[in-house]
Every structure is written in C-alpha cells, then in structure tokens.
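The values are calculated or read from the model by the stated rules, or taken from the named source; none is laboratory data. Worth saying up front: this structure is predicted, and the values here are computed from it rather than measured. Every residue, glycine among them, receives a Cβ derived from its backbone with ideal geometry; neighbour counts consider all protein chains shown.
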C-alpha cells in the first residue's frame, strides 16, 4: 500500500482503526501480565495495574503528544511506589495504599502544572544522562531483589529498604516452597529463552502471555494453594476500587513531609523515564514522527489524577508495550484505546482465569523486565563511553540502593558536579609545586562550579547564506546543567533556518549528556533538511573513541594514533587504491538522504568511511552498525555504499527500494507502494520485491537496466532517494575487501544511466 502522509492522532487517526485495533489486541496480551506484575511489585492489589492501563487507554488517544507509545503502569515506578506505601503505612501495605493514592493524585496535578509552563524537557534535561541510566539500572536491581521471594514462594512482608530486602533473602531461601520454586524457575527460564531465541515462530505469542499460560497449567497440575495465586476481587466495582484517603492525610500533618517527598520522587522519575521512552520510541517509529514532551506530560498528569481517584497506579509511556505496538503495525495513539477495551474484557470476563495465574509466573515476568534495565551490557556500554561515566554510574547505583531513589539521584548529580569541577580545576600538583596558590585553586574551583550553571550561549547572530537564513550561536562549555538555555535558544530558531554552533576557545569541556543532545539535534536537522554544523569541536579531545564521550579542550595535547586494526588497514589500502579519502574513526551516522534503511533501529554508527568520486559519482562507502527489533541486544553490521549522481546529470531517478524477499517490507510500505512484477524477469520476480512512490515509473526503470544489474550481482538491497543510491547485502555482514568492487559496480551502472536519460525518463 502507499501512504502519502504520516498518520495523525486525534479524530484524524480513526481512519487507521483496522491497524490500531489489531495492534491493540496484541498489545493487550503483553499488557495484561505486565500490568498485573507491576501492581504486585508495587505492593498494590493486582487489579490496580489493569485499572491504570485502562485509564491511560481512554485518556492518551485524546490528549497524548506521542504517536505510537502505549501508556500504563511502569516497572520503573514500582520500587518508588512500594517504598512510599511502606513509609506512609509504617510498614503496613494495606494502610499505606490509600495514603499513597493521595500522593499519586498530587503528582498528577504537578505534572499538569509543569506542562502549562512547558517544562516537559526541563525536569529531565537537568539530570546527566549517565545518572538517568544509573537510576534505571538501580531500579532493575531493586525489582529483581524484591521479586526473588515470590519466585521462592516466600509470602512474608517485603523489606522496607533494599539492604533490608537483601538481608532477608537467606530467610526466603529457608522458607522455600518447592512447588512454587519449580514453577518460578521454569517460568523465568522461559522468559529469557523466548525473548532471546532467534526462532520467530516461538515468539509469535508474546512471551509474558506464554509464561503466564504455562504458569496456570502448572498451577492446576500441582494444585497450587490459593495463597500463591493472584487475588482478584469478586466484584471489581465494589471490592476492586480503593479511594484516596484525602481526609486522613489532611488530619495528619506529620504525613505531609513524606507526601511531598513521594510527589517529588514520582514527578522526577515519571518525567525522566517518560522522556527517555518517547525519544527511544520515536527512533523506531516507521513514520519518523516526533513526539511532544509537554503534551505527553499533560496527558500523564491527567491520567495519574484520574487513575488515583479510582485506586490506580502512576501512568507513563512504556517501552516494552510501545515496541510491541510498532511490531504489531499500530499507527496512532488509538492503539491505547483498543488495548484498554480488551483489558476491560479480560477484567470482567476472564477474572477467574486471571486469578489462576501463579505469583511466581508474574514474578518471573517482572524479574526479566528488571534484568533488561540492569544487565551487564548496560554497565559495559557506559564504560565504553568513558571511565568518568562509569564512575558516576556506579556511585549513583550504589547510592540509590543504599538510600532511596531521590537521595541516590541527588548524590549522583552531586558526584557529576564534583567530577566536572575537578576536570576543570588545576591539579593539586600545581599547588604543591608553588605554581598555583591554594587560594587561587579554591577561587578557580568555585568559579568553575558556578560556571556549570550559567547559560552557555555567548551570542546569537542571524545571517543569510545562499538565500537561506542561517543562525549562528557562539557557545562556551556545555554540560548537563546548562543545556536548557541552549535548548531554549535552538527552539527559538525558525524551522527553515540552518544552524551553526561555534565552540569558543573559552569553552573548556563538553560532557557526555551534551554530546548526546547535540547528536539528537543533528539527526533532527538532517531529517528536516536543515543545514547543521559544529565548529571548533576538533579542539576538544575525547576521553575515549566513543563518538559521544566527554571532551575537554587542550590545545597542547597531541594524541598518538593507535595501531590500526587489520580491517582498518585493509580498508585504508582499498581507499588509497581508488583515490578516496579515508576516515577510520567511529562516528554517528547521519541519514542525509532520508533512506528508510538508515532510519531503522538505534545506535546507528559508521566506521572506516571512504569518500571520493568514482566514474562521475560521489561515493561514500563505510562499515555500518545498528541495533533493531526484535533483537535490540544484537548488533547488525553491514558494509554500505551510498552513491550520488553529479549535479549536472540529465536523469531523474525514481524514489524506490528493491529488497531481496520481504526484507524491511513493513518499513518500506509506510513510504512506498508495491511495484507490480508482471512482465519482469521471472528470476528477478522470484527473488526480489520492489516498492516506490511511483510504481509504474519504477517498473519501467527496473526493466531499463536495474533488473539486469541486480541479477548479475544478486543479494543486494538497493534504495534510491532524491537521486542518491544506497546498496548493501543483508546476508553478508561486513563485506571482505575483495567484494568492494561489487559495491562500487553500482557507480558504473549509475554513470551509464546518467548518460542515457531517455531510457528512464518519465
């Protein structure tokens, strides 16, 4: 099918109801066990998880600012909710829950207020990226520790703190229920196996649903006691709804401080996690739409307010459910509505079946969610960015586990400030040698620390280059704590204006958070055809080879180049042979021509890039890597060539893609229609499928020579967009250097096409 415009939310999105209905049904199968599990992990009645997801489903289609995210209760909030419940109830979950609902209601009010002040980015932007990732990792560890007793069959009350919960684990192992342990261990194994297996057939049914279904069967087989099963109310409307205890809070002023602390914690975590989620989901949205953080924040606030009034939990966009929605073909926020409808059906008509799900099976689902937040690759990825980041990461994780979420986050922020101050301040060695006095050292330290919070924008200037508006911003040091003024300055730039950021010599440091922000802004500019450049970055020395590592300016520093890898040396030789320029460094890939393939997935990077001219075509050939659904933990690597016709070429190439089999099909149909294979070579039609914005013209183009070239060089995925061509072989991974001529052969073909425009015209 062909889609000329991107799907819209609101009433305009109803025309996509078939896709959203099907996606909503599939998401509900994922949302059901997750919502139950998150409620249990939060210390709340299981039914409250379903209530929260249903409320979100009825609010977000009308008020949400995201596009394909699915909202509901989130695992990331479970430790904070449990801690708040224990704090307010003095260790009694039942007594603490109505009081916690008051805090959730007030959190919703605060979010609504923040959205009106357009502070959707401000709350999250102030936090360094590494502190946020450490917070999520700590939450993952907390979830796992809290769920281990459920897997063992220990029904004793949870510990009030993580250290207390860890100290209770030996007791849980002493109180192990063998039957429950067998069910929990098997369900946990299946969660890991089904989510990681490459056998797609085993993942057609969502793994959480499969695990819960097997848990139900095992519960029947072992005649599991009701104490180890989910408890559902006999009447949802009468016994399943808990009202917030406003009167009790008002009459007990000693609770007000605790309520305020919980509101701040929930607002902070909600804002940070939701912003991170919608940004991640935007990257994998097939239509490449941009979500509106402030609108999403307002929808979250209203949802939280309404959810608390009927006994529900906090509501934010969820990453797992959102990815399930995209994979199922969901197009708009109406998938939330259909998800809610199906959950309502489950709640009222499958209540007995839900009550047969073992707590151990739900615990296995939630443990896996926690594992994804804190698995070793998270630590390894942070270490790869830089030792400075792993130090902040570990300090934050340890602080959160030892204290609580809010205090731990504040400690992580303080550690980041001190580290930046240390990096910017003369060393103690200069003091001891007398080159700098101790008083000068303290003044420099104080000045540097204050400078971290000053606006980095020195001046802004509007110019015109080639008839196009160009905004130039001169900047000093850029860190997480002064990013908001820069974001505000960039938001004020007209949409059609190019942007040039000039890093002045007065700037000393650019931290990891800023590098990530600038990369995201650069990607956005490329998507919208806006010129973007950063001047002066070459003066800043990166701490590691990672493209987003912290950088510090040192004009005297001369970096010795490390020995090239075997691959790098061989690619350099190929580049030299063809007279190409060569850049071996790893950099973030910019999708300058808006290729569908380069939109896919996350962590898009290139290395060993060759650039130059070959047979009249501009050539860029590089090793490309990214991660993509469904195996986001797996890195996909290919050698890719991008060719662009000379500006004076007399041919106008059609926008199209030719793919072996159905590779990337679901991404291509968002932009293109299917090209009819009738009349084309049978060998070609049997191995390839083609898509284009003008299928008739593309078919003629195939017949004019492209088809014969692909038959001669089989296995290639080829995409043409705005007179630029991208090609690679999906099955080959990184091409051996001997195969580079095959990639370059597309330049020979394009050069021939450019000289015979009559073959492909119109």
Exercise for review: Please give the number of the condition residue 118 fails out of (1) under 23 Å from residue 336 (Cβ atoms); (2) touching a helix residue (DSSP H, G or I) at 6+ places or on another chain (Cβ under 6 Å).
Suggested key: (1)
**Study point:** Enumeration of residues in the range 615-627 that are buried (at least 18 other Cβ atoms within 10 Å of the Cβ) and either at pLDDT below 90 or within 16 Å of the chain's Cα centre (by Cα) (or both)
**Key:** 617, 626
Review point. Counting only residues that are out of contact with any helix residue (DSSP H, G or I) (no Cβ under 8 Å at 6 or more places or on another chain) and assigned to a strand (DSSP E or B), which one in the range 642-686 is farthest from residue 722 (Cα to Cα)?
Key: 642
Practice item. Please indicate, with yes or no, whether at least one residue in the range 47-57 is more than 18 Å from residue 341 (Cβ to Cβ), touching a helix residue (DSSP H, G or I) at 6+ places or on another chain (Cβ under 9 Å) and touching a residue at least 40 places away in the same chain (Cβ under 8 Å). Key: yes
Practice item. Could you check, for the range 409-422, whether at least one of its residues is exposed (fewer than 15 other Cβ atoms within 10 Å of the Cβ) and modelled with pLDDT under 90? Key: yes
Check your understanding: Just one of the numbered conditions (1) in a helix (DSSP H, G or I); (2) modelled with pLDDT of 90 or more is not true of residue 700; which one?
Key -> (2)
Review point. In the same structural domain as residue 269 (by TED's automatic domain parsing), within 25 Å of the chain's Cα centre (by Cα) and either on the phi < 0 side of the Ramachandran plot or in contact (Cβ under 8 Å) with a residue 60 or more places away in the chain (or both): does that describe residue 112?
Key: yes
Point to revise | Check on residue 523, closer than 23 Å to residue 276 by Cα and in contact with a strand residue (DSSP E or B) (Cβ under 9 Å, 6 or more places away or on another chain) | key: yes
Review point. Which one is farthest from residue 645 (Cα to Cα) among residues in the range 711-750 that are buried (at least 20 other Cβ atoms within 10 Å of the Cβ) and without any contact (Cβ under 8 Å) to a residue 60 or more places away in the chain?
Key: 716
